[in-house]
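The values are calculated or read from the model by the stated rules, or taken from the named source; none is laboratory data. Predicted, not measured: the structure shown is a model, and the values here were computed from it. Note: ideal-geometry Cβ built from the backbone for every residue, glycine included; neighbour counts use all protein chains shown. Remember, those area values only see protein heavy atoms, side chains included, never the ligands or the DNA or RNA. Shrake-Rupley method; radii C 1.70, N 1.55, O 1.52, S 1.80 Å.
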Amino acid sequence: KNSVGWESSVAAFLAAVAAAMKDAKLGDEASISCFVLSMSGVDCEADAIFWQNACSEHFPASRAVVENDSVAALCSGTDGVLCGIVVISGTGSIGVGAASAT
């Protein structure tokens with residue numbers, strides 16, 4: 001579904017995690033308790049489940065929270081409250097809106 005394929009995406013993710021851990025001088029992967037992935041290409045539940053499963057396969061002791069990048073963009077502009085509207089326009093575009101539960 002993404003432009004480079006699932007296998008290449010997972011390989012890039014694993015390389016990024018390894019590099020970040022090395023740069024931060026962290027121990028082994030068991031020290032990661034949770035991943036929060038907010039990225040383009042996560043457009044439905046099946047996409048999120050794919051990434052949750054990929055994390056579980058490579059980091060079995062870790063939890064994974066997976067959302068579309070629009071959710072992080074919305075939360076970053078609202079101090080973490082999932083309420084408002086955000087539109088991302090770049091190579092692709094997406095818009096999302098959420099109403100407060102109160």
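Listed residues GLY80, GLY41; which is surrounded by 11 or more Cβ atoms within 10 Å (Cβ to Cβ) and closer than 22 Å to ALA98 by Cα?
GLY41
Residue count for the range 83-96 under the criterion of being within 11 Å of SER40 (Cα to Cα), of a type outside the set (Val, Ile, Thr) and either surrounded by 16 or more Cβ atoms within 10 Å (Cβ to Cβ) or in contact with a Ser or Thr (Cβ under 9 Å, 6 or more places away or on another chain) (or both): the result is 1.
Once the range 1-48 is narrowed to residues that are within 11 Å of the chain's Cα centre (by Cα) and of a type in the set (Ser, Thr, Tyr), the residue that is nearest to CYS75 (Cα to Cα) is SER38. For the range 1-18, filtering for residues that are more than 15 Å from PHE59 (Cβ to Cβ) and either in contact with an Asp or Glu (Cβ under 8 Å, 6 or more places away or on another chain) or among the hydrophobic types (A, V, I, L, M, F, W, C) (or both) leaves 4.
Within the range 16-37, track down each residue that is open to solvent by 50 Å² or more (accessible area, probe 1.4 Å) and within 25 Å of GLY90 (Cα to Cα). Those that are open to solvent by 50 Å² or more (accessible area, probe 1.4 Å) and within 25 Å of GLY90 (Cα to Cα): ALA16, VAL36. Determine whether the range 55-69 contains at least one residue that is under 23 Å from ALA98 (Cβ atoms), out of contact with any strand residue (DSSP E or B) (no Cβ under 7 Å at 6 or more places or on another chain), modelled with pLDDT of 90 or more and open to solvent by 30 Å² or more (accessible area, probe 1.4 Å). No, the range 55-69 contains no residue that is under 23 Å from ALA98 (Cβ atoms), out of contact with any strand residue (DSSP E or B) (no Cβ under 7 Å at 6 or more places or on another chain), modelled with pLDDT of 90 or more and open to solvent by 30 Å² or more (accessible area, probe 1.4 Å).
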